[in-house]
Amino acid sequence: MSGLHTRAAACLGVSLLFVHAAHAARETPHDAVEVRAYLNDTCVIADEPFFVPAAAGEDAERPKFLPLIGLVVGKLTELFINHEIEESAERLKAGGARKDTRYAVRRQMNLYRATFDPAPEIGLNAQLGCMTIVAAASFKPDPADCKAEYHPKELARESLGKPQGEWKTSRSDDSIENQLRRANICLAGNARAVYESRFEFSKDGTAFRLKDAGYRVDSLLTTADKNASRTTVYSLKVSDPGATDQQEVLTSAWVDVGAVKAGAQSAGGARNADLWWRVPPLSADARRKYDADTRVHQEAIGELEALRRAHTRNQRMLAGLDQRIAAAGPDIAEGLRQERLRIAVQDQSQAAEIEARTAEYQDLPRTPMEFMPVSIEVAVTESESEDKARLALADVIGKAGGTVASALGGAATGALSKSLSAAELRLEPDPAPGSDIDRARDRYFDALVDERSHAGGADRDESQRRLAAAREDYNEKRRSLGLEPIK
C-alpha cells in the first residue's frame with residue numbers, strides 16, 4: 001500500500017517520544033544516572049533556531065522568529081500517542097544490565113498510524129528526524145513543564161547583517177540545560193551528557209540510517225575519572241513485544257562517536273555514514289487489523305474516487321462530442337446529440353452521487369487509529385577500547401559480535417543494511433504510483449461504478465463481466481497479503 005512509504009511530510013510540527021529511564025547495575029554513586037531518549041522531527045540542540053531581537057516599541061518578552069533559519073520548535077506533542085497499549089512494566093533482563101551500558105526502559109507503542117484526511121492512509125506514526133539522548137543525575141518529576149523558563153537564542157544586534165557563520169547570541173543563559181527546556185526536557189540539576197543523531201530515510205522509505213549530529217559530555221556515565229577516555233556507542237533497538245522472553249528484533253541502529261572524555265563536545269561527524277538499517281514494514285497481523293478496522297472508510301473512499309474518475313472521463317467525452325457535433329452533418333449530428341444527452345444525464349447523476357458520498361465519508365469517524373505495537377530500547381555504551389565496545393554493542397542489540405565488529409570497522413553488511421547494499425537502495429520513486437493491490441482496487445471500484453450506471457441490456461451484461469473479473473483480481477491480491485476477500 002502506498003501509504004506505507006509516506007515519510008511524512010506530514011506529520012507534525014515537532015514530536016516527542018519520551019522513553020522512561022532505567023538503570024543498569026550500579027556500584028558507585030557516580031553510576032546513579034538516568035537516561036532518557038527523545039525522538040523529534042528536528043534536533044533539540046543542533047537545530048536550535050535564532051530569534052530576531054525585538055525592535056524598539058515591540059514586546060521584548062516575545063522575540064520574533066528569524067526567517068529561513070531551519071525549523072522552529074512550536075507546540076511539543078507526544079510522538080507515539082498510544083490509546084490501546086499501556087506502558088510495559090517489564091524490567092530489563094538481568095543479562096542486559098551491563099556495567100558499561102546505560103539503558104532507557106522498553107516501552108510498548110504503536111509504530112504505524114492511520115489517518116483519514118483526505119483518504120484512509122497508513123504510515124509511520126510520525127516523521128522521525130532526530131534522536132536526542134539525555135543523561136542526568138535527576139529529572140524533575142512528571143508532569144514537569146519548564147518551557148516557560150527557556151531563554152530563546154536571541155540574535156545579538158551586532159550580528160545583524162553578518163554571515164550566518166559569524167552570528168552570536170545575546171542571551172545570558174546559553175547552558176545545555178536551558179536549551180533542553182525548549183523541548184520541555186526538565187532537569188533537576190546539570191546534564192551529564194547529551195547525544196544527538198539525525199534520521200535519514202531512503203527515497204523508497206524502506207531503509208534509514210543515523211548520522212551523528214553532535215554531543216556534549218560534561219562527565220562520563222561509567223567513571224568519575226575526569227581524565228579517563230571511553231569509546232562511546234549509542235544504539236536504538238525496535239522489537240516485537242511478543243509473549244515470549246526472546247523478543248524478535250525488527251530493526252536496530254547505532255552511532256559510534258569514538259573516544260570521548262569529560263568536557264568533550266562535537267558538532268557532529270561522518271561515522272556510520274554508509275550503514276543502512278531496515279524500516280520495520282507493517283506486519284501481516286497489523287495489515288489485517290488495519291483492513292478490518294478501516295473497511296467502511298476504504299469502501300466509501302474507493303467508490304467516491306471511482307465516481308470522480310468517471311465524472312472526469314464524462315467531462316472529457318462531452319467536450320469531444322461538442323467538437324464533433326459542430327463539425328458533423330445534420331444526420332450524424334443528431335445521433336451525436338442523443339449520445340451527448342445520455343452522457344450529460346449520467347454525468348449529472350454522478351455529480352449528485354459524488355456530493356452525497358462526500359458527505360457520507362465526512363460523517364464517518366475520523367479519529368486516527370494505531371497499529372503494530374513495538375518495543376523501543378535506547379542504550380549508551382562506554383568501553384575502554386573499541387574492541388570491547390563492539391562486543392558490548394553486539395550484546396545490547398542482539399547481533400553476532402563479528403558482524404557488529406565488521407560494521408564498526410566501516411564495512412556495512414547485508415545483515416545490517418536491510419539485506420541490500422547502499423548501492424541497491426532505490427533513490428527515485430517508483431515509475432508508476434501505487435502498488436499492485438492499489439491498482440487492482442481502483443480497477444474494481446471503477447468497474448463497480450460502471451456496472452451501476454448501466455440499467456440493462458448487453459452493455460450491462462458486459463459491465464457485469466468486467467466487474468466480476470476485477471473483483472477476482474482484487475481478491476487475488478488481497479489473499480496474497482493475507483486479507484479477507486471482498487464479497
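The values are calculated or read from the model by the stated rules, or taken from the named source; none is laboratory data. The structure displayed is predicted, hence computed values, not measured ones. Methodologically, a virtual Cβ is constructed for each residue, glycine included, from the backbone with ideal geometry; neighbour enumeration extends over all protein chains shown.
Observations on the model:
- Of all the listed residues (THR206, THR222), the sole one being over 18 Å from TYR38 (Cβ atoms) and within 21 Å of the chain's Cα centre (by Cα) is THR206.
- Residues that are at pLDDT 85 or above and over 19 Å from ASP347 (Cβ atoms), drawn from the stretch 437-464: ILE437, ASP438, ARG439, ALA440, ARG441, ASP442, ARG443, TYR444, GLU462, GLN464
- Screening ARG216 against (1) outside any loop (DSSP other than H, G, I, E, B); (2) of a type outside the set (Val, Ile, Thr); (3) farther than 24 Å from VAL134 by Cβ leaves a single unmet condition, (3).
- Any hit, the stretch 368-382, residues being under 16 Å from LYS237 (Cα atoms), part of a helix (DSSP H, G or I), acidic (Asp, Glu) and within 28 Å of the chain's Cα centre (by Cα): no
- Hey, THR222 crowded, with 19+ Cβ neighbours inside 10 Å, in a strand (DSSP E or B) and modelled with pLDDT of 85 or more or not: no
- Hey, PRO330 in contact (Cβ under 8 Å) with a residue 24 or more places away in the chain and either touching a Ser or Thr at 6+ places or on another chain (Cβ under 9 Å) or not assigned by TED's automatic domain parsing to the domain that holds ASP450 (or both) or not: no
- For GLU154, the requirement of being at pLDDT below 85, touching a strand residue (DSSP E or B) at 6+ places or on another chain (Cβ under 8 Å) and more than 30 Å from ASP293 (Cα to Cα) is met.
- Number of residues in the stretch 170-218 that are surrounded by fewer than 18 Cβ atoms within 10 Å (Cβ to Cβ), of a type in the set (Ser, Thr, Tyr) and in contact with an Asp or Glu (Cβ under 8 Å, 6 or more places away or on another chain) equals 1.
- Some residue of the stretch 273-292 being more than 24 Å from LEU128 (Cβ to Cβ) and surrounded by 15 or more Cβ atoms within 10 Å (Cβ to Cβ): yes
- Flag for ASP450 being crowded, with 18+ Cβ neighbours inside 10 Å, acidic (Asp, Glu) and in contact with a helix residue (DSSP H, G or I) (Cβ under 8 Å, 6 or more places away or on another chain): yes
- From the list ARG308, ARG324, the lone residue that is over 35 Å from the mean Cα position of the chain (by Cα) and in a helix (DSSP H, G or I) is ARG324.
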